[in-house]
Amino acid sequence: MNDSRETREAAVRVVGLRRRLGEREVLDGINLEVAPGELVTLVGPSGCGKTTLLRAIAGLESLDAGSIFLGGRDVTNVPPECRRVGLVFQDNALFGHLRVEKNIAFGLRHLPASERSERVDEMLRLVQLQHLARRYPHQLSGGEQQRVALARALAARPDVVLLDEPFGALDEVLREELGWEVRGILSQRNTAGILVTHDRHEAITLGDRVAVMDAGKILQCAPPRVAYESPATRFVADFLAVASYLPARDGGSRLLRPHQLRVVAGGPHTVSRVEFLGATHRYTIRAADGSTLVADLGPSDPLLVGAACDVAVVER
């Protein structure tokens with residue numbers, strides 16, 4: 001595939017992005033593409049460069065090197081207000097003195113009044129808030145406020161919506177519910193999305209692809225199942241989910257997830273922790289060599305902390 005075709009087809013394409021702060025490479029040669037309607041989740045430890053990458057795409061962060069294409073257009077040196085980017089943050093940044101409908105219409109002042117009104121009505125229907133159009137932000141719940149923020153971000157029909165920890169202030173149930181709603185809305189609108197999150201569960205459940213970052217680099221960007229089952233590095237393996245390692249025949253290590261291990265009573269190892277997860281118990285095992293293994297088993301006849309045990313691999 002040649003560059004011109006890639007640039008034309010991708011909603012977002014960033015090439016070789018570099019950003020240095022002092023001696024630290026905050027962005028170290030980042031390459032990333034996002035297709036229309038695709039949601040890429042960006043996950044990694046604090047300070048790895050996730051938010052800086054989002055801000056660079058939005059035009060809010062200067063770059064030392066690299067190029068940014070949005071909707072096939074080179075916007076590397078284009079000001080933020082001309083980039084066709086929607087932004088949704090954790091604090092939602094709604095205007096407290098404006099009603100919901102006015103918040104959504106804020107970025108549409110260039111449109112004729114009739115078209116602006118139609119667009120606002122369309123966005124209210126999209127996020128199912130028609131009945132709250134004349135409320136003020138303080139009269140809404142946290143989830144409703146984030147729906148308004150999403151509607152405002154989508155109203156200008158951007159090439160991409162950038163979401164920086166948008167559900168961080170919400171309770172777990174609402175966070176999950178709203179996450180799936182946002183994913184569905186972006187797909188329905190065929191709008192690309194990049195979601196920054198610190199929650200690995202959120203990253204692998206919501207993303208069409210998950211991009212794992214560390215120290216300014218994207219270590220792997222792949223569909224969640226691929227990243228989970230075939231991580232590019234041990235860091236990716238450990239960061240995305242609980243991992244255990246057993247010796248492999250080639251002298252290396254074999255990655256095993258909790259569902260791939262079975263624990264039986266008696267043996268050289270010791271149960272150090274038992275967690276009740278509903279349908280399963282999660283056992284943390286202190287192996288005889290001092291390493292740690294983690295296994296998920298059904299809730300019947302659980303072993304107790306301190307019990308001697310052995311571990312076997314569940315072969316498919």
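Values quoted throughout were computed directly from the atomic coordinates according to the rules given, and no laboratory measurement underlies them. Note that the coordinates shown come from a computational prediction; the quantities given were computed from them, not determined experimentally. Virtual Cβ from ideal backbone geometry, glycine too; neighbours counted across all protein chains shown.
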At q = 0.08, 0.10, 0.11, 0.12 Å⁻¹, base-10 log of I(q)/I(0) for the chain (Debye sum, equal scatterers on each alpha carbon): -0.46, -0.68, -0.78, -0.88
Computed lengthening from Arg249 to Val314, 0.36 nm per intervening residue step minus Cα-Cα distance: 21.8 nm
Net lengthening on full extension, Arg20/Glu181 (0.36 nm per residue, minus Cα-Cα): 54.4 nm
Unit Cα scatterers, Debye sum, segment 244-313: log10 I(q)/I(0) for q = 0.20, 0.24 Å⁻¹: -0.75, -1.05
Computed label-point distance, nm, for sites Ala288 and Cys82 using a 7 Å Cα→Cβ extension: 7.0 nm
Magnitude of the charge dipole, segment 244-313, Cβ model with Lys/Arg +1 and Asp/Glu -1, debye to 20: 120 debye
Computed label-point distance, nm, for sites Ser67 and Asn190 using a 7 Å Cα→Cβ extension: 2.5 nm
Once exposed loop GluC sites (Glu not before Pro) are cut out (DSSP; at most 15 other Cβ, 10 Å), longest piece of the chain: 24-314
Estimated dipole of the chain in Debye, rounded to 20 [Cβ of Lys and Arg +1, of Asp and Glu -1, Cα centre]: 540 debye
Coil-residue chymotrypsin sites (Phe, Trp or Tyr not before Pro) of segment 50-96, DSSP, other Cβ within 10 Å capped at 13: Phe95
Descending semi-axes in whole angstrom, ellipsoid equivalent of segment 1-102, from the Cα gyration tensor: 24, 20, 13
Separation of the Ser230 and Arg262 label points, Cα + 7 Å toward Cβ, nm: 2.7 nm
Gain in span if fully extended, Arg273 to His110, counting 0.36 nm per residue against the direct Cα distance: 52.6 nm
Segment 21-65 and segment 284-298: distance between their alpha carbon centers, rounded to Å: 36 Å
Model label zone, Asp301; criterion: amide N under 16 Å from point 7 Å along Cα-to-beta-carbon; scope segment 265-279: 265-267
Net +/- balance of residues flanking Gln128 in space, Cβ distance below 9 Å, scoring K and R +1, D and E -1: +1
